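Peer 1: I have a structure I would like to understand better, so I am pasting it below and will then ask my questions one at a time.
Read the figures in this text as sums done on the coordinates, not as results from a lab. Source: prediction; values computed, not measured. Every residue, glycine as well, gets a Cβ built from its backbone with ideal geometry; the counts of neighbours run over all protein chains shown.
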Amino acid sequence: MTVRSAVAIASLTLAVAASAACVSFYDIAIETPIQAKLDTTPFQRVLVLGFVSGGSRDVDVNSETVRLLRSQLRTKSNLKVIDSDVVSLIDVVDKLKANVGTSAAAAAAPDTRIDAKADSKKDDLKSEKDLEAYDSIFADVAFWKKLGEEYQNPLIVTGTVYFTDINKSGIVERPQEVYDALGKRTVVSVRQWMDRKGYAIAPKFVFIDGRTGTQLYTDSYREETLYQATQNTPALSSYFELMDRLVPGFLNTLSSQKIKSTRTLLK
Amino acid sequence: MRARTLPLVLLALLVAVPLYADRRSDAKEHVEFGISIANKGLWSEATSHWEKAVEIDPTYAAAWNNLGIAYEQQGKFEEANKSYNKAIQLDPNNQLIRQNYDLFREIYDRTKRRRDR
């Protein structure tokens with residue numbers, strides 16, 4: 001080893017040691033606990049019944065939402081998930097309306113097991129406003145109480161889900177690589193017109209006490225995802241992408257969650 | 001008059017500067033020990049050390065920052081908010097404190113909205 005290389009190694013070692021001694025911050029992983037929004041201790045079972053759904057015809061939003069939430073609750077909550085047929089709440093409401101004058105709840109409850117795929121009104125639902133017309137079902141205490149008795153007083157999860165395709169063309173900023181005369185690379189922000197399309201989802205989850213038929217809690221969400229117009233993304237995959245963002249919030253209604261992130265400790 | 005006060009001021013400085021340095025050095029020991037045990041997951045012990053650090057030296061921004069993180073990790077959002085705010089107030093140009101605070105606010109605001117509903 002020459003004197004030169006020995007000096008180089010020694011100075012490198014010193015530099016590393018000095019920089020290690022001078023480190024004044026440390027990244028640390030933390031898990032922030034978020035308390036559950038609802039006290040579910042009075043319930044042993046949960047029934048995800050069905051949703052008033054509308055918007056895109058490419059996805060059976062009611063069935064997919066019920067399936068997804070049931071599977072999430074099975075693995076990430078302490079409640080026993082009741083397996084039942086998916087109910088089309090739109091048909092239930094229409095039946096209730098048709099039976100006005102008779103005992104509405106009594107008339108509708110036995111017929112709640114309607115195949116969600118036979119959701120005849122779905123094609124008529126165009127906007128979120130249309131879904132609001134069905135909100136009255138969530139306040140129908142007699143209907144939910146009767147259903148609760150049928151399933152041994154579970155916590156009932158229902159609500160509305162609006163899923164639709166969107167077009168949002170406009171000016172967007174995007175990073176672009178540029179090279180100068182010497183070949184040096186820099187990244188600049190470029191504004192350009194882009195045709196973009198995607199999907200939006202707006203679910204409202206309603207939690208009902210199966211013992212009394214009363215609403216315990218409601219929570220609304222809204223998410224959207226956009227792609228370049230040339231990109232062909234299936235509606236179902238966008239639906240799952242959007243639901244992935246919402247599911248932690250939904251689960252946090254029923255059980256405490258921990259949000260993993262990183263913070264910087266300082267000396 | 002000036003000739004008489006100048007020695008007094010110098011004397012006060014001579015006493016105060018080492019006192020401040022001592023306080024900061026004591027507080028720094030607690031902060032460093034807190035960091036080492038937080039890295040092992042002993043958050044409540046780390047919290048005690050950082051609480052001690054800010055008690056010894058209430059102007060120590062890093063100690064307030066660490067305390068904010070510890071409270072956040074334990075779900076004590078109000079205390080975390082106060083600690084981060086104190087850290088920012090003491091060292092407003094520190095981007096690392098600001099970044100911690102911004103990340104915390106995302107969670108804090110969400111839980112606050114939920115409670116207010």
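Peer 1: When the chain is fully extended, how far beyond the present Cα-Cα distance does A:Thr230 get from A:Asp165, taking 0.36 nm per residue of separation? Intermediate values should be presented prior to the final figure.
Peer 2: Details: separation 65, 0.36 × 65 = 23.40 nm, distance 1.47 nm.
Answer, rounded to one decimal: 21.9 nm.
Peer 1: Quantify how strongly other chains surround peptide A:253-266 by giving the mean number of their Cβ atoms within 10 Å of each of its Cβ atoms. If you can, show how the numbers build up before the last one.
Peer 2: Working: counts 1, 0, 0, 1, 0, 2, 5, 0, 6, 3, 14, 11, 15, 16.
Per residue, the number of nearby Cβ atoms from other chains is 5 on average.
Peer 1: How big is the range B:18-117 on each of its three principal axes, counting only the C-alpha atoms and giving the largest first in Å?
Peer 2: 51, 29, 20
Peer 1: Quick one: if the Förster radius is 25 Å, what FRET efficiency do A:Ala139 and A:Gln44 give, using the C-beta to C-beta distance and rounding to 0.05?
Peer 2: Efficiency, from the Cβ-Cβ distance: 0.50.
Peer 1: Between the range B:62-88 and the range A:162-233, what's the alpha-carbon centroid distance in Å?
Peer 2: Here the two parts' Cα centres lie 32 Å apart.
Peer 1: Project the alpha carbons of the range A:136-199 onto their principal axes and report the range along each, largest first, in whole Å.
Peer 2: 78, 22, 13
Peer 1: Points 7 angstrom from Cα along the Cβ direction at B:Ser36 and A:Asp130: gap in nanometres?
Peer 2: Reported label-point gap for B:Ser36 and A:Asp130 is 6.7 nm.
Peer 1: Mind checking the mean number of beta-carbon atoms from other chains within 10 Å of the Cβ atoms in B:84-96? Walk me through the intermediate numbers first.
Peer 2: Values: counts 0, 0, 0, 1, 0, 0, 0, 1, 0, 0, 3, 1, 7.
Counting other chains' Cβ atoms within 10 Å and averaging over B:84-96 gives 1.
Peer 1: Within 10 Å of each Cβ in B:67-73, how many Cβ atoms from other chains are there, averaged over the peptide?
Peer 2: Working: counts 0, 1, 7, 3, 0, 7, 8.
Mean number of neighbouring Cβ atoms from other chains: 4.
Peer 1: Too long at a 27 Å Cα-Cα cut-off: which of A:Lys97/A:Lys145; A:Lys146/A:Lys258; B:Lys40/B:Lys112; A:Lys37/A:Lys76? It would help to have the intermediate numbers written out before the result.
Peer 2: Values: A:Lys97/A:Lys145 18 Å; A:Lys146/A:Lys258 36 Å; B:Lys40/B:Lys112 30 Å; A:Lys37/A:Lys76 15 Å.
Among A:Lys97/A:Lys145; A:Lys146/A:Lys258; B:Lys40/B:Lys112; A:Lys37/A:Lys76, the Cα-Cα distance tops 27 Å for A:Lys146/A:Lys258; B:Lys40/B:Lys112.
Peer 1: Label points 7 Å out from Cα along the Cβ direction at B:Ser25 and A:Ser261: separation in nm?
Peer 2: For B:Ser25 paired with A:Ser261, the spin-label model returns 3.8 nm.
Peer 1: Taking 25 °C and 0.890 mPa s as the conditions, I'd like the Stokes-Einstein D for the range A:35-260 in µm²/s, using the Kirkwood hydrodynamic radius from alpha carbon pairs. Present the calculation step by step, with values, prior to reporting the outcome.
Peer 2: Details: Rh = 19.4 Å.
The estimated diffusion coefficient comes to 127 µm²/s.
Peer 1: Using 0.36 nm per residue, how much length does the chain from A:Ala29 to A:Arg74 gain when fully extended, once their Cα-Cα distance is taken away?
Peer 2: Numbers: separation 45, 0.36 × 45 = 16.20 nm, distance 2.78 nm.
Here the segment from A:Ala29 to A:Arg74 would lengthen by 13.4 nm.
Peer 1: So, one more: What fraction of the DSSP beta bridges in the range A:35-260 is antiparallel, stated in percent and rounded to the nearest 5? Each step should come with its number before you reach the end.
Peer 2: Numbers: 34 of 46 bridges.
Bridges in the range A:35-260 are about 75 percent antiparallel.
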